[in-house]
Amino acid sequence: MKKIESQNITISNEFTINQLTSFVKKAKTFKSNILIYKNGQHIDGKKLTNLISFYLTIKSQNSVLLVAEGSDAKEAINSLTEKLEGTEAKVPGNLTFS
């Protein structure tokens with residue numbers, strides 16, 4: 001059975017291209033699928049071009065939902081949330097499904 005983990009994140013700062021690249025590199029180290037949702041739209045968190053386009057639409061204080069689906073979902077969410085927290089994102093809460 002695949003595990004699904006998610007984390008709501010409020011973006012408080014803009015991301016640099018280096019931060020987005022670092023996020024994608026880290027996301028690719030996990031077996032889980034990494035998705036980022038905003039307003040019903042989602043992108044693959046392992047594809048830099050998608051991530052750059054997606055984050056051009058995000059303004060300060062917008063919320064996104066980070067989702068990981070796979071055997072290492074919990075580790076992926078914890079690690080990738082830390083990446084986003086490094087940009088001073090506020091993390092209000094998370095959901096866990098099995």
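Data table
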{"item": "FRET efficiency, residue 74 to residue 50 (Cβ-Cβ, R0 35 Å, nearest 0.05)", "result": "0.90"}
{"item": "Whichever lysines have a C-alpha closer than 18 Å to that of residue 25, once near sequence neighbours (fewer than 8 apart) are set aside", "result": "46, 47, 74, 83"}
{"item": "37 °C / 0.692 mPa s Stokes-Einstein diffusion coefficient of the range 4-97, Kirkwood radius on C-alpha pairs, µm²/s", "result": "255"}
{"item": "Restricting the range 1-87 to GluC sites (Glu not before Pro) in coil, as DSSP defines it, with at most 16 other Cβ within 10 Å", "result": "14"}
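Quick note: the coordinates plus some simple rules give every number you see, no bench work behind them. Values in this document were obtained by computation on a predicted structure and should not be read as measured data. Note that each Cβ is placed from the backbone with ideal geometry, even for glycine, and that neighbours are counted across all protein chains shown.
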